[in-house]
Amino acid sequence: MTDKTLDGSSLSGKQARGRGHATVGSRGIIRVMEASPGTVAILFADIGGSVALYEAVGDVEAHRRVAESLAFMKAAIERHGGTLLRTVGDSSLASFPSSDDACLAACSMQELHARGPLAVRVGFHVGPVIHDGGDVYGNAVNIAARVASFARTDEIAASEDAVARLSPGHQARTTLLARREVKGLSTPLGIHRFEWQGRDAAVTVVSASSGNMTSIAPGRLDIVRGGRLLTVDEALPSIVIGRSADCDLPVDDACASRHHVRIEMRHGQFLLIDESTNGTWLVRDGRPDVLLQRDTIVLDGDGRLGLGASPAESESPPLAYRVIQGESDVV
């Protein structure tokens, strides 16, 4: 079999034939795996500072945080119609039907990591690839990884080919950073930064006599487990989590009740409402753990939920949530 790295390069001595990959079977018979060409958007995301994290908090806690971060990445990819191709270490590679889809997924990744302990750098490129057995190969994969390397943590970078295929609204949020030599390209590649945070946070204060006022756009709460993402917002203002199959997010936790907990959006706040027998644990970095029993608490920032048991003691994967605040608009 052919070993693969994250950028799609082959570690085998055998060469691909035509449009397929040649492999050698146990009896020395060469088999050619058929593959189909196509043009897609390729996204590469990488967690920044993970090596220092392992030194700072230890292997167990660092591994948990990296796994949580990769789960956020997977959820963002699938939410915007992408396919997670592979993860290696603290990096993810995905493909999308369009540049806009990749761009939206990149924005979701950054929003999900905005208040967390880890930060990510994301890059995407559009180009021809070879589809083969649920994976993709080609220089476009290498270019996407190279584009991501130009981004700082908390940033999104895009190639000029990807920017050219963005919708006008997304194109307006890009800035050309530089042109760089990239292996496999005959001319320097334009690297753009995408402003995923929208307009500047600073808003001019307008006097009351002018008749203008500042409004806050509604935010949302994203909750993820095992790659599945649910969003609580104006469109879906309430969800139920529990063991029952009719829950919005069914779980198989041994200590969870059939309808264990609700999360509701009320007046711009997100309420955690425990309705269980064993209670719901709320764990947030830098703050005391809370055991909620038939009570309600306002969720902010990010954290983890344990159904009937603390996330540190439960064998089930925690429910990770993050509150994304709305943007300010002057009207």
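Structure notes:
- When we screen LEU177, LEU189 for residues that are buried (at least 19 other Cβ atoms within 10 Å of the Cβ) and at pLDDT below 90, the only hit is LEU189.
- Considered as a group, the residues in the range 140-159 that are surrounded by fewer than 18 Cβ atoms within 10 Å (Cβ to Cβ) and not basic (Lys, Arg) include one that is farthest from the chain's Cα centre (by Cα), and that residue is SER149.
- Cβ-Cβ contacts under 6 Å between residues 6 or more apart (or on different chains), taken from a first residue in the range 123-142 that is acidic (Asp, Glu) to a second residue that is in a loop (DSSP other than H, G, I, E, B), are listed as ASP132/ALA35.
- Pairs where the first residue, in the range 101-120, is part of a helix (DSSP H, G or I) and the second is among the small types (Gly, Ala, Ser), C-beta under 6 Å, 6+ apart: ASP101/GLY81; ALA102/ALA41; ALA105/ALA76; ALA105/GLY82; SER108/ALA76; MET109/ALA45; MET109/ALA76; HIS113/ALA119
- Options SER91, SER167: the member that is of a type in the set (Ser, Thr, Tyr) and within 19 Å of the chain's Cα centre (by Cα): SER91
- Filter pass, VAL298 being out of contact with any Asp or Glu (no Cβ under 6 Å at 6 or more places or on another chain), within 17 Å of ARG115 (Cβ to Cβ) and surrounded by fewer than 18 Cβ atoms within 10 Å (Cβ to Cβ): yes
- Residue list for the range 25-50, filter: modelled with pLDDT under 50 and farther than 19 Å from GLY82 by Cβ: GLY25, SER26, ARG27, GLY28, ILE29, ILE30, ARG31, VAL32, MET33, GLU34, ALA35
- Each residue in the range 63-100 was checked for being among the polar types (S, T, N, Q) and either in contact with a Gly (Cβ under 7 Å, 6 or more places away or on another chain) or assigned to a helix (DSSP H, G or I) (or both), and 3 pass.
- Count - residues of the range 253-289 that are at pLDDT below 90, surrounded by fewer than 17 Cβ atoms within 10 Å (Cβ to Cβ) and over 23 Å from the mean Cα position of the chain (by Cα): 9
- Considered as a group, the residues in the range 226-235 that are in a strand (DSSP E or B) and surrounded by fewer than 18 Cβ atoms within 10 Å (Cβ to Cβ) include one that is modelled with the lowest pLDDT, and that residue is ARG228.
The values are calculated or read from the model by the stated rules, or taken from the named source; none is laboratory data. What you see is a predicted model, and the numbers here were worked out from it, not measured in a lab. Don't worry about glycine lacking a Cβ; one is built from the backbone with ideal geometry, like all the others, and counts go over all protein chains shown.
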